[in-house]
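**Q** Following this message is one structure expressed as structure tokens.
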Amino acid sequence: MNDHTSNTPYGRLAAELATSVTEVPGVAFLRPGLTDRLRTALPRSAPHSAGTAAGVRLTRPDGEGPWHVEIHVVALRQARTVDVARGVRDAVGHRLGVLAPGEPRPRVTVTVTGLL
Amino acid sequence: MTDPIEPPHGTSTHEDDDELLPCGRLLSRAWADWEDQARDDRSRDGEAGDAHPRNCPHCREAVRGLDELESAVRGLRTETAAADSYDSEPLTRRIMDVVRLELRPGRPLPLGEPAEDLWIMEAVAARTLRSAAETVPGVRAGSCRLRHVHEDGTVEVRLDIHAPLGVPLPDFTERVREQVRRVADRALGMPTAAVHLRVTDLLPPTADDDREGRTP
Amino acid sequence: MVGAPPDTRPDTDDALLVVRAAEGDEDAFAVLVQRHAPALIQLATRLLGTRTEAEDAVQDAFLSAWRRLPEFQGRSSFGTWMYRIVTNRCLNVLRSRRPTAPLEAVGDVAAAEHSTSPARITEGRDAVRELREALDLLSAEQRACWVLRELDGRSYEFVAEAVGISQDAVRARVFRARRCLTQALGAWR
């Protein structure tokens with residue numbers, strides 16, 4: 001993990017979100033290396049401004065607009081996959097609401113990259 | 001020096017380390033004849049074969065080294081024959097450890113409603129759907145491709161299967177389709193519009209096929 | 001017998017597994033690895049000389065295959081494809097072992113390394129050991145062609161395909177290899 005980003009506000013936020021995701025029932029773990037390999041149609045912000053906790057990518061694509069949080073997660077087969085993804089989305093939205101109360105509602109994209 | 005006689009196999013590239021035997025033949029030709037005879041299973045007695053290699057002392061001497069080499073080769077072949085005794089499990093594990101860490105490029109397919117922005121990678125969903133198909137006894141699943149239909153946010157499944165010989169196909173394929181649809185909905189929550197099934201082979205059943213549900 | 005028992009329909013099954021592995025099915029690939037590793041380890045050990053190096057080469061070959069699977073059109077069988085990949089990987093290892101200067105008077109080299117002893121018995125295990133050592137005298141290309149032809153028993157056509165040269169070129173290399181080996185073994189008598 002890049003040390004120079006983990007202590008930025010973004011970095012710490014991403015780490016907090018990562019923790020909240022791992023607590024969601026049905027989540028096995030977050031997929032590492034998200035920022036290296038994420039395929040997204042969204043314009044990328046400069047690499048250093050994005051949070052880089054494994055499996056969490058945090059950007060603000062429209063300058064001062066809402067956050068965009070992208071999560072890559074490996075889920076457990078026992079749970080219904082869409083329910084796990086919804087749980088992750090809700091956990092992230094809730095956590096951001098607590099940590100950054102003044103922010104407009106974020107866009108949260110959840111991608112299941114594996115099933116265990 | 002006159003040009004050497006062209007030996008049968010077009011081995012003119014041998015010129016630099018080839019040797020002209022006193023009988024006029026090239027070493028490479030004597031050796032090629034030896035090799036043909038060594039590998040040929042058919043008896044040559046009845047054929048109008050070339051008697052020279054058998055009768056010529058120079059050619060016989062020229063291949064003596066090959067015979068000696070051959071017995072050492074047989075020994076080395078036996079010594080290095082590992083195929084039956086090799087335990088490939090540790091190597092397989094090491095390889096799979098790396099494979100499982102690699103992220104294959106792939107496209108995401110939607111879960112739930114379009115507005116929810118929830119996705120699953122194609123390869124992951126495909127694994128689940130292949131397993132679903134294989135819960136029907138006799139099915140072996142092959143290619144499984146998923147296509148995101150942007151207009152309504154659904155997924156189109158294209159699945160190849162091998163089906164068992166002797167079953168009435170339309171009923172059978174409908175069973176498989178049903179399984180795939182059911183699992184796509186219940187296990188994944190992926191909105192499936194259509195399941196296109198293609199039977200790519202018909203196979204006689206094996207002992208495996210009696211088991212209900214293949215483990216992935 | 002260690003590992004999973006062999007399937008009763010290997011060829012069909014291989015093709016199916018390859019399709020699935022190309023689409024990202026890792027478990028399918030694991031079965032292919034288990035199934036083909038023994039023969040490939042045998043090949044690589046014969047080419048490189050040691051089991052350890054063979055395992056490294058075969059591991060690299062399988063990882064390369066995993067990444068290239070989506071392009072593998074199935075024109076040949078998976079086994080043949082892997083055989084080709086392993087052969088070429090071993091060729092690279094062999095080439096990196098030695099400078100590419102052409103071999104001079106091979107007989108002299110062999111004689112200088114071994115004291116001549118008239119009473120020396122060169123049969124059985126000694127001959128095999130000497131042969132194994134003599135293989136190190138060959139160039140990478142000679143060794144590869146000779147091993148595939150003599151130890152693995154492949155046709156000239158197959159060897160040509162695997163190494164990527166003409167059949168005539170294969171014959172020439174096998175000839176030179178035999179020259180070198182017969183001289184090396186003969187020099188110790």
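**Q** Within 10 Å of each Cβ in peptide A:77-88, how many partner chain Cβ atoms are there on average? Round it to a whole number, please. Display every interim value, and only then the final one.
**A** Working: counts 5, 1, 1, 6, 12, 13, 4, 3, 9, 5, 0, 1.
Counting Cβ atoms of other protein chains within 10 Å of each residue's Cβ and averaging gives 5.
**Q** Now for a separate question. Assign one of three labels to segment B:73-177, namely rounded, prolate or oblate, based on the Cα gyration tensor with a ≥ b ≥ c the square roots of its eigenvalues; rounded applies when a/c is under 1.5, prolate when it is not and a/b is larger than b/c, and oblate otherwise.
**A** oblate
**Q** Here is a further query. Add +1 for every Lys or Arg and -1 for every Asp or Glu among the other residues with Cβ under 11 Å from the Cβ of B:A123, and state the total.
**A** Working: positive: B:R104, B:R107, B:R127, B:R130, B:R145, C:R20; negative: B:E122, C:E23, C:D25, C:E26.
In short, +2.
**Q** Is there a simple number for the mean count of other chain Cβ atoms within 10 Å of the Cβ of residues in C:159-168, and what is it? Walk me through the numbers before you get to the answer.
**A** Numbers: counts 0, 0, 0, 0, 0, 0, 0, 2, 2, 6.
Counting Cβ atoms of other protein chains within 10 Å of each residue's Cβ and averaging gives 1.
**Q** Here's something else I'd like to know. Based on the mean of other beta carbon atoms within 10 Å per residue, what is the order of C:139-149, A:14-24, most packed first? Intermediate results must be reported in sequence, preceding the final value.
**A** Working: C:139-149: 23.4, A:14-24: 19.9.
Answer by packing, highest mean first, reads C:139-149, A:14-24.
**Q** Counting Lys +1, Arg +1, Asp -1, Glu -1, what net charge surrounds C:R46 among other residues with beta carbon under 9 Å of its beta carbon? Kindly include the intermediate steps, with their values, before the conclusion.
**A** Numbers: positive: B:R77; negative: C:D152.
Spelling it out: positives minus negatives among the neighbours equals 0.
**Q** Sort B:85-95, A:98-108 by packing, meaning the average of other beta carbons within 10 Å per residue, with the highest value first. Kindly include the intermediate steps, with their values, before the conclusion.
**A** On the way: B:85-95: 16.7, A:98-108: 12.8.
Taking the mean over residues of other Cβ atoms within 10 Å, the ranking is B:85-95, A:98-108.
**Q** Continuing with this model, one more query. Sort out for me the Cα centre separation of segment B:112-180 from segment C:158-177, rounded to whole Å.
**A** Distance between centres, Cα-based: 47 Å.
**Q** In the neighborhood of A:V21, defined by Cβ-to-Cβ distances under 11 Å, what is the net charge if each Lys or Arg adds +1 and each Asp or Glu adds -1? Working shown, then result.
**A** Numbers: positive: A:R31, A:R89, A:R95; negative: A:E16, A:E23, A:D90.
Once positives and negatives cancel, what remains is 0.
**Q** In percent, what relative contact order does segment B:107-210 have, based on Cα pairs under 8 Å that are 6 or more apart in sequence? Don't skip to the end; give the middle numbers.
**A** Numbers: 186 pairs, mean separation 31.3, N = 104.
It comes to 30 percent, rounded to a whole number.
**Q** I'd like the mean, over residues of B:25-32, of how many other protein chain beta carbons sit within 10 Å of each residue's own Cβ. Could you put the intermediate results ahead of the total?
**A** Working: counts 0, 0, 3, 6, 0, 0, 5, 2.
Neighbouring Cβ atoms belonging to other protein chains average 2 per residue here.
Computed from the coordinates by the stated procedures, all read-outs in this text should not be read as laboratory data. Computed from a predicted structure; not experimentally measured. Don't worry about glycine lacking a Cβ; one is built from the backbone with ideal geometry, like all the others, and counts go over all protein chains shown.
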